[in-house]
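K.L.:
Take this structure first; my questions come after.
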Amino acid sequence: MLDEELKIAAADDEVRAAIADKISRERIGHEVCLLCVACMDSTWRLLQLLELSSFTDDQRRLCLYAALFLPFRKTIYTDKKGKKIPVASYIFRNSLKLKGSDAEPVLSLHFAAEKFVSLIPLILSNEDIQILVVDWKREIIDVPDASKLRILAGLLLREIKEFWRAALVLSMLLPPTIIGCPTNPSNKDSEMGRKSELFKGIEKAILDLGLEKVWEMKPLVNGKDIMNVLEIKSGGPVVKEWQQKLLEWQLAHPSGSTDECIDWMRIIHSKCARTEDHSCTGRHRIRNENVKYPTLGKRGYELLRK
């Protein structure tokens, strides 16, 4: 992965112009090809070390496509109409002429892999985590930290569904300084072995949370029930926001009943009514200021040392 100073230099217009003058397009294309193929090769190696029965043929295929385009996951192309398009999607549809229906899952795998990176230290840490911080979910209902972890992991799995293992594989390829897995270019087999053990540890932790097929979980409370509690006659953003918060409550309380869920909503709604805060939905905002991100913890490093 590129050093931060190198990234800044590479983004400089003068540097890019100088590179264009000195380096041929063929050389640039060759280096990009090596980078993409390296990601795909690492993914294939990791898949071979894991139980392939955990992945369907379609999941493996899209996982490898996503690995191929992983270096471009944050690169945007602007077309003639000024519309911004992910480069991976453009290459997929226009350059390679592959199925357009496969482009969206590939992009979803990229997004989910990035989210997994921020969750990995939280999932593997066996230390007390006072504040859970992830960039993609700044507000969450006020529940114990252990329940917040189940909420965050559950929301991610509901988003990516049965492709969550493929996204987790891709997250193993993202910056190792983030997930705590050291890079050892001289011994790729050893590095892949450590990442395989790390994958299995995270997979087990997610299954232990009871999140397998959590995307099939039905809401305990429907929109009509929400409107009855709020005493409103039509839906809208408020109902949609409450649906999200009740989903979080349901993830935090896997054995909770419909009545318990509605009771919690009534309590929160009553508190908000007393404070005359009409936008209140029992949120707990998590701020980044002066927050230390948790490390892998003892359990995570034990997996890496194996």
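The values are calculated or read from the model by the stated rules, or taken from the named source; none is laboratory data. Everything numeric in this text was worked out from a predicted model, so none of it was measured. With ideal geometry, Cβ positions are generated from the backbone for all residues, glycine too; neighbour counts draw on all protein chains shown.
K.L.:
Going by what's in this entry, would LEU211 be described as modelled with pLDDT of 60 or more and in a helix (DSSP H, G or I)?
P.N.:
Taking the combined requirement at face value, the residue does not satisfy it.
K.L.:
Ok, one more. Quick check on this structure: which one of LEU230, LEU207 is of a type outside the set (D, E, K, R), closer than 21 Å to TRP264 by Cβ and without any contact (Cβ under 8 Å) to a residue 60 or more places away in the chain?
P.N.:
LEU230
K.L.:
Where residues in segment 93-106 are closer than 17 Å to GLN59 by Cα and hydrophobic (A, V, I, L, M, F, W, C), which of them is modelled with the highest pLDDT?
P.N.:
VAL106
K.L.:
Looking at (1) in contact with a Phe, Trp or Tyr (Cβ under 9 Å, 6 or more places away or on another chain); (2) small (Gly, Ala, Ser); (3) more than 23 Å from LYS204 (Cα to Cα), which is the one condition that is false for SER101?
P.N.:
For SER101, the failing item is (1).
K.L.:
When segment 38-79 is examined, which residues are found to be more than 23 Å from LEU198 (Cβ to Cβ) and more than 18 Å from the chain's Cα centre (by Cα)?
P.N.:
If the condition is that a residue be more than 23 Å from LEU198 (Cβ to Cβ) and more than 18 Å from the chain's Cα centre (by Cα), then ASP57, ASP58, ARG61, ILE76, TYR77, THR78, ASP79 are the ones that fit.
K.L.:
Identify, please: which residue in segment 232-259 is of a type in the set (D, E, K, R) and surrounded by 14 or more Cβ atoms within 10 Å (Cβ to Cβ) and is, among those, nearest to the chain's Cα centre (by Cα)?
P.N.:
GLU248
K.L.:
Which residues, counting only those in segment 132-159, are hydrophobic (A, V, I, L, M, F, W, C), in a helix (DSSP H, G or I) and surrounded by fewer than 18 Cβ atoms within 10 Å (Cβ to Cβ)?
P.N.:
ALA146
K.L.:
When the residues of segment 47-84 are filtered to those that are farther than 28 Å from ILE202 by Cα and touching a helix residue (DSSP H, G or I) at 6+ places or on another chain (Cβ under 9 Å), which remaining residue is surrounded by the fewest Cβ atoms within 10 Å (Cβ to Cβ)?
P.N.:
ASP79
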